[in-house]
1. I want the local charge near T154. Using Cβ-Cβ distances under 15 Å, sum +1 for each Lys or Arg and -1 for each Asp or Glu among the other residues.
2. Computed over the Cα atoms, what is the radius of gyration of the range 42-114 divided by 2.2 N^0.38 Å, N being its residue count?
3. Of the listed peptides 301-314, 101-114, what is their order by residue-averaged count of other C-beta atoms within 10 Å, with the highest listed first?
4. Indicate the helices, whole DSSP H runs only, in the chain that combine a mean Kyte-Doolittle hydropathy of -1.0 or more with a Cα extent along their long axis of 15 angstrom or more.
5. Tell me which lysines have Cα within less than 16 Å of K207's Cα, excluding those fewer than 8 residues away on the same chain?
6. Could you give the nm distance between label points at L282 and D180, where each point is 7 Å from its Cα heading toward the beta carbon?
7. Can you return the lysines within cross-link range of K178? Criterion is Cα-Cα under 22 Å, with same-chain partners fewer than 8 residues away left out.
8. With contacts defined as alpha carbon pairs under 8 Å and 6 or more residues apart, what's the relative contact order of the chain in percent?
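Any read-out appearing in this document is the output of simple, stated calculations on the displayed coordinates, not a laboratory observation. Computed from a predicted structure; not experimentally measured. Positions of Cβ are generated from backbone atoms using ideal geometry, with glycine treated the same way; all protein chains shown enter the neighbour counts.
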Amino acid sequence: MLVAILLGVFAYFAFPLSKTHLGLDLQGGLAVILQAPDGTDVAKLDRAETIIQNRINKLGVTEPEIQRQGNNKISIQLPGIKDAQTALDIIGKTAVLEFMEVNNFGTAYASQADALKAAEVATTDALAALSGFHEIVHWVNGNPAGDKYYLVTTQPQLTGATLKDAQQSYESTTNKPKVDMQFNSDGATIFDQITKKMSETATITGKDQLLAIVLDGDVQSAPRVLDEISGGNAEITGKFTLAEAKNLALVLQTGALPIKLTQVSTNMVGATLGKAALNQALLAGAIGILLIMVFMIAYYRLLGVVASVALIIYSVLFIGILNAVGVTMTLPGIAGMIITLGMAVDANVLIFARMRDEVGGGKTVGAATSAGFKKAFRAVFDCNMTTIITAIILFWAASGAIKGFALTLGIGVALSMFTAVLVTRSMLSLLSGWRPFRNLRLLGLHVTSGGYTAADEGSRS
């Protein structure tokens, strides 16, 4: 009864197989490794990892895998992602938001190299190392002077650190996509003061006062400030597509990365390649099950049939457990499953061998079954426990896909003990009254030399 209930419950989770969560190597997707500068503080790496996790969650990717590699790398796997470049832009965008008065921009330069030369440095890294505030700002859209670079040495009046939320919306007059922002109480107070000062300056001088909204060094928009803006709300307008506005709102919602991350490895696995790998893995598993069943039936006959049915039950329970727990299946995970298929019948082989010994000693099938299970249990337990312990150590010490292999191996071996001891024994108990299950030759328990040689129990009477 217990076996039937468990089989029904886990069959619900197991089928259809489309319920199974597939990893990057099976359904395709994006794998990327981001690297922080050497000597980056661990706390900043932790913060960056959390922000990346939040951004990926907002992308709607199912079962992403994010983990640290070494001292300064973050490995990211996004199964099922289709637009790899957009995902990379969102994940790796530093998203440093700054509000600057355009009057503080200073001289316009035709190139970044010219702006760096004015700062007497050769690279942006060297610029960041200078004392005081130095930043290259690039202004393309909406700049009366055209595409220009500016060496800004005045601290921004407000940053994204005070941002509370951001959403994509539409401009009321043009219906173009924009991004609405809300500041916290501190940010609202500062923004109020900035806009009040700029509006007063515009009134006194009669000149437009522009407040540049800068994201990662690029001016997104530079609206005129005509009046004091209270309430802590602001907006970014520009030539955004709907997707660009949504992605910008997403990165602003999750906050700025505390460090600059560089892509050192990017690998896009196509869905076709992943599907081919899955089909090959499933074919290997099916062939493995078939060969095991053929061997067991050929060698142990009716007992082999019982073992084969137990193997099928084992497979359903295994897939059901993995789906119920929500394990993401990968190629190494499937390799672990295939290995456990062979190990799942090891216990049956040990039990059936002990039963044959007991029959050879003159015991009936019923007595041999009871004694065989009892005497083989310790060997079955010891063998499987060593493998389970190995899987636990491997899962604890390894990372990435190796964890998937260790997890499926451990679950499979533990489940194989359950099916061998409980399922097989329950089936033999139910079938013990059936006449063919008293025939030693049909059971594959007949002995050929010494002791008990009868073809069935009836010949002993």
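1. Surrounding charge for T154 is -2.
2. Against the compact-globule rule of thumb, the ratio is 1.52.
3. Sorting 301-314, 101-114 by mean packing, highest first, produces 301-314, 101-114.
4. Going by DSSP H runs, the hits are 2-14, 42-59, 185-205, 242-254, 271-300, 302-325, 331-360, 365-397, 401-418.
5. K196, K197
6. Between L282 and D180, the simple spin-label model gives 4.6 nm.
7. Excluding near neighbours in sequence, the set is K58, K93, K164, K239, K246.
8. 19 percent
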